[in-house]
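See below for the structure under consideration.
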Amino acid sequence: MTTTTLLTSIFKPNVNPSVSSQTAWALLRVIVGIIMIHNGLDKLGNIESFSQAYVEVIGLPFPLFFSYVAAFTELLGAPLLAIGLFTRVASLGLFSTMCVAVYHHILVAGFNISYLELSLIYAACFLFFTINGAGLFSTDALIANRLDANSLSIQAKQIMRLEKSYQAASADKVSVG
């Protein structure tokens, strides 16, 4: 493998769906979804305290109501994200709660990265899934394929793309070895 080929493979973005990229996409979705459930459970564990410490501080009206909205957005949206069902809607709700969390952290601590980092990472993940959807290995993809009149041809095209990607990766490994 030449230096140019190596550098190209390092810097070239992955624009085709491959088994490895779709697996990573699914793993990110499942991990972030499962971990976010914990946040919703924590809020419900002492909703009044959460309401006073977080929601009242940023000046939202009806702080107890919005505390329940945040908790149930996380408790319902996170599992939906994990299984890849209604992913864009669930991710948009979760992204919104993280934007409020980021706003809260900025009001309380300024632009202190130690307070902002987790909320920003979650927000970025949820924004990604809001824009891109759940990926090929998801319940959304299964439903979309069933709803589409040409679902067999779409599935066949997806499988062919994945197979081409696999073959190209195998060919690269053979030429390197």
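The values are calculated or read from the model by the stated rules, or taken from the named source; none is laboratory data. The structure presented is a predicted model; accordingly, all values stated were derived computationally and were not measured. Note that each Cβ is placed from the backbone with ideal geometry, even for glycine, and that neighbours are counted across all protein chains shown. Surface areas here come from the heavy atoms of the whole protein model, side chains and all, with no ligands, DNA or RNA. Shrake-Rupley method; radii C 1.70, N 1.55, O 1.52, S 1.80 Å.
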Test: F126 is assigned to a helix (DSSP H, G or I), within 23 Å of A26 (Cβ to Cβ), modelled with pLDDT of 95 or more and open to solvent by less than 20 Å² (accessible area, probe 1.4 Å): yes
Hits in the stretch 129-177 - residues which are farther than 30 Å from T3 by Cα, surrounded by 13 or more Cβ atoms within 10 Å (Cβ to Cβ) and either modelled with pLDDT under 90 or aliphatic (A, V, I, L, M) (or both): A134, L136, A141, L142, I143, A144, N145, S151, I154, Q155, Q158
Subset of the stretch 9-44 (residues that are assigned by the TED database to the domain that holds S119 and either over 24 Å from S91 (Cβ atoms) or among the basic types (K, R) (or both)): R29, K43
Pick from the stretch 44-89, criterion of a type in the set (G, A, S) and either over 17 Å from H104 (Cα atoms) or under 24 Å from the mean Cα position of the chain (by Cα) (or both), ranking: most open to solvent (accessible area, probe 1.4 Å): G45
Members of the stretch 10-43 found to be among the charged types (D, E, K, R), open to solvent by less than 100 Å² (accessible area, probe 1.4 Å) and over 17 Å from G84 (Cα atoms), listed by number: D42, K43
Among the residues listed as L85, L60, L28, the single one being aliphatic (A, V, I, L, M), in a loop (DSSP other than H, G, I, E, B) and in contact with a Phe, Trp or Tyr (Cβ under 9 Å, 6 or more places away or on another chain): L60
